[in-house]
1. Between A:Trp122 and B:Ser169, what is the label-to-label distance in nm when each label sits 7 Å out along the Cα-to-Cβ direction?
2. Please state the relative contact order of segment B:22-95 as a whole percent: Cα pairs under 8 Å, 6+ residues apart?
3. Order these peptides, B:212-221, A:18-27, A:152-161, by their mean beta-carbon neighbour count within 10 angstrom, highest first.
4. How big is D for the protein assembly as shown, in µm² s⁻¹ as a whole number, if Stokes-Einstein is applied with the Kirkwood radius of its Cα pairs at 4 °C and 1.567 mPa s?
5. Among the lysines, which have Cα under 24 Å from the Cα of A:Lys95 when same-chain residues fewer than 8 positions away are ignored?
6. Residues of segment A:61-101 with backbone nitrogen within less than 19 Å of a virtual label 7 Å along the Cα-to-Cβ line of B:His187, please, listed as ranges.
7. Can you classify segment A:1-139 as rounded, prolate or oblate using the Cα gyration tensor, where a ≥ b ≥ c are the square roots of its eigenvalues, rounded means a/c under 1.5, and otherwise it's prolate if a/b beats b/c and oblate if not?
8. Expressed as a whole percent, how much of the Cα-Cα distance distribution for segment A:38-113 exceeds 17 Å?
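Derivation of every value follows stated rules applied to the coordinates shown; laboratory data play no part. None of the values given here were measured: they were computed from a predicted structure. For neighbour counting, all protein chains shown are included, and Cβ atoms are generated from backbone atoms with ideal geometry for every residue, glycine included.
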Amino acid sequence: MTLAEYYRQIGLNVLLLADSTSRWAQAMREISGRLEEIPGEEAFPAYLESRIANFYERAGAIELRDKRIASVTIGGTVSPAGGNFDEPVTQATLKVVGAFHGLSRSRSDARRYPAIDPLDSWSKYVGIIDPKKVQKVHNMLRRGDEVRQMMTVVGEEGTPIEDFTMMLKEEFFDSAYLQQNAFDDVDAATSIDRQRFVFDKILEILEADFAFKDKDEARHTLKKISSMFINWNYAPWDESVIPESDREDEPMDKSVRRDDGETERGDFKEILGQIDQTIQSLLKNAGKSEVEGELEQVTA
Amino acid sequence: MKGRIKAVFGNMVVAQTEDRVVKNAIGYCVRSDGRKLLCEIIRVRGDCVDLQIFEETRGLRVGDHVEFQEDMLSVVLGPGLLGQIYDGLQNPLPELAEQVGFFLEPGNYIHALDTECPWDWTPKVQAGAVVEAADTLGSVPESIFEHNIMVPFGWEGQYTVQSVAKSGSYPIVKEIATLTDSSGNEHAVTMEQVWPVKRPLCVAKRRLLPSKPLVTSVRIIDSMFPIVQGGTYCIPGPFGAGKTVLQQITSRHAHVDIVIITACGERAGEVVDTIREFPELHDPRTGKSLMERTIIICNTSAMPVAARDASVYTGWPRAMLPSIPV
């Protein structure tokens, strides 16, 4: 902490990764026990919360005396026993931090990385994407999860197609955007501009009203789109898709950029073209079938 | 100030003293073979003092001497911190391993910074200038940054610069400026300074509300659950859910200048992995080794716990190493 604060005083932005605060709390518990202090919840000392709060309180952005701005950001991990987030250390931490990235065992077992649970996690901060859009996606994720839970009871047969599509869309968002391959050179890090661009494209699909004939069609189509997006994630970013004035990325150091001699990576723009085409044709079909439906009604 | 050990249990020692000792001051328990073990006063009751020892207490006996100091547990700050791997007491682990072998004995302490390595000093103030704590006197290049040498943070009031060293190469212990306080006393400034770990270090005009997003390049974080520069976040997760991997990705791709990693109470094997892997990772932004803007502070689950508590405050873990293979 002191080292981090020192470099902040120099005028730099520092990230402190503390792994793991639980062990620190255990140490406090052990010492407190030896001091024969009165134990609090789960035998942690009564001052556990204030100590944790004091620690996180030392993070912050400051304006130095010469007007430069510097910051210390703290990211602490907690390893709650048995993944139970109700234990005192996690709870005390939650009260003071500004964002919570809850990792879930079931996601990591399902090989969905990073295993951050999109339903449990939250953040009080405003990021690089318009909070309204993020809220829309959150609602959709929640709704999709509800449908899935309902489906385990009533079965696929009993689920209306609108709900079914909703669930598929949620799955699509999860696999195409939330999951990220840490071992792939391109996919491991996504720049600000790229995130904004891809997010908007995905939102377009999430909000589109595809009227599928049956569940099989819905499943196949979204699977197809989803695999397109995953390929897209592996394609190197082409900054020319957005106007220069809107770019926010720091220019990359050209020397670091590898020459990709690999041919299996698709071209960013090419895949974008394919995706747009698919969306268009789907929307057209949807429109047509609606019109046909109306016509049928009229004739009837 | 001296005392005698009355009781030893686990990593705690109760000592008796007639001197007036202060809570949070440090001391040394002197083992019968002459080794000195660092400890901190955590409670004072009359003439009884409770100490937490940052080392294995094996070998301490009732009646052994304790030497109390006036200072609090402190870290050394100055150029040369980047790229280091420290234990919780700011002992550089690679150097320690070189000196005493891979399996560390208690009671070995080395200076945290290289006191001989010369740094290219460029003065930024002139004699006669009036300065305050944390004002820049000059700078040295460290890794890819300009490391500013500042007036020690604890100094109160205004000081007048009496003399400043000329540009050139100096080791960190060399006096690089002389300042005079308002009553005319002279104070020497070197490139290093010490700061007690439990006191927040923040000399600023004002605190800002954190608002600038901290981009990590991880989509789910940046888009859905953003973090900001100067903010705090927490990653709880059961064992094996990928916390450590996530931290590694973040430290590699996050848009920050410096990353400090504190591995506290993790299994020794994991810590060793981190230490081995990091120097080989390349920084995607500078193309150099990631270590050039990283400091690692580690202590393993095998180390005594007292350590961990104090350790949190250094960078973080500040602990002892009975036997950590580095």
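1. About 5.7 nm separates the two model spin labels.
2. On the way: 108 pairs, mean separation 22.3, N = 74.
Value for segment B:22-95: 30 percent.
3. Sorting B:212-221, A:18-27, A:152-161 by mean packing, highest first, produces A:18-27, B:212-221, A:152-161.
4. Details: Rh = 27.1 Å.
Approximately 48 µm²/s, per Stokes-Einstein.
5. A:Lys124, B:Lys198, B:Lys212, B:Lys243
6. A:65-66
7. Oblate, since a/c reaches 1.5 and b/c is not below a/b.
8. Counting every Cα pair in segment A:38-113, those more than 17 Å apart make up 58 percent.
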